[in-house]
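> Sending over a structure as structure tokens; questions will come in a sec.
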Amino acid sequence: MNNSATSTARLLWAGLRALLVLTLVTGVVYPLAVTGVAQGVLPGRANGSEIEADGRVVGSSLIGQAYNLPLKKGQETPEPDLKWFQGRPRNGLGTNSVNTRYELILSGATNRSGDNADLIEWVRAAKAAVVKDNSVPGHTVKPADVPAEAVTSSGSGLDPDISPAYADLQAYRVAQRNGLPVAQVRKLVDEHTDGRTLGFIGEPRVNVLELNVALRELATKG
């Protein structure tokens, strides 16, 4: 009986010691080590890839952001603020009540098949809006010029990037709304176009938030 109790106590003490050691290693030492390495090697990414403007954080380069006008009385769907470059549509996703510039409550695709009537109508309406919004005096956008990502949401609904083609399509409208030369705005797009990852993965892309931060600085100087 005494041997049995002693063996049980020894096993319990060994188990408790193992729990304490593993808790210390995996719950304290390992997280601190990983955090230290991340802060030392990639501090920007470790802190959420934050983007700053005027000395304050305005968002993350990893999360798409909406650029809309304030809602008018009785209005449910905000209108885009056309002085800014616009990102991809966010159909069916929720908003963050704390920071309405982000779409963080819900993340996901619209979950519609390619032949779904609602999706087809969304795409048609979005294409018509892109053509209308970006056609300015002296420059008319054709429906065939509208790229796919301008009328469809991404798999997460939070895609921060657009293609250089969509950014260039918006350049005339952005230039007019901000009183800037088109060539200057297109140069800004070129300067903020990232190539394929490692030279062969993915497609060239433009981060909308970074582009709009640079646009604001350019418009302020002008």
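> Sort through Leu188, Leu218, Leu169 and tell me the only one that's part of a helix (DSSP H, G or I) and modelled with pLDDT under 95.
Leu218
> Going by what's in this entry, would Val21 be described as of a type in the set (A, V, I, L, M), surrounded by 10 or more Cβ atoms within 10 Å (Cβ to Cβ) and in the same structural domain as Asp161 (by TED's automatic domain parsing)?
No: the conditions fail for Val21.
> Given (1) over 18 Å from Gln170 (Cα atoms); (2) among the hydroxyl-bearing types (Ser, Thr, Tyr); (3) within 21 Å of the chain's Cα centre (by Cα), identify the lone condition not met by Ser113.
(3)
> Still on this structure, I have one more. Answer with yes or no whether Thr6 is hydroxyl-bearing (Ser, Thr, Tyr) and assigned to a helix (DSSP H, G or I).
Yes, satisfied.
> Filter the range 64-84 for residues that are of a type in the set (D, E, K, R) and closer than 15 Å to Val130 by Cα; which is surrounded by the most Cβ atoms within 10 Å (Cβ to Cβ)?
Per the criteria, the residue is Lys83.
> Among the residues of the range 120-134, are any farther than 24 Å from Asn207 by Cα and of a type in the set (D, E, K, R)?
Within the range 120-134, one or more residues are farther than 24 Å from Asn207 by Cα and of a type in the set (D, E, K, R).
> Which ones in the range 135-164 are within 19 Å of Asp81 (Cα to Cα) and more than 22 Å from the chain's Cα centre (by Cα)?
Correct list: Ser135, Val136, Pro137, Val141.
> Give the residues of the range 130-165 that are in contact (Cβ under 8 Å) with a residue 24 or more places away in the chain and in a helix (DSSP H, G or I), sorted by residue number.
Of everything in the range 130-165, those that are in contact (Cβ under 8 Å) with a residue 24 or more places away in the chain and in a helix (DSSP H, G or I) turn out to be Val130, Asp133, Asn134, Asp145, Glu149, Ala150, Pro164.
> Need the failing condition index for Val34 against (1) assigned to a helix (DSSP H, G or I); (2) surrounded by 12 or more Cβ atoms within 10 Å (Cβ to Cβ), just the number.
The single condition Val34 does not satisfy is (2).
The values are calculated or read from the model by the stated rules, or taken from the named source; none is laboratory data. Remember, predicted model here, so these are calculated numbers, not experimental data. Here Cβ is always computed from backbone atoms with ideal geometry, including for glycine, and neighbour counts include all displayed protein chains.
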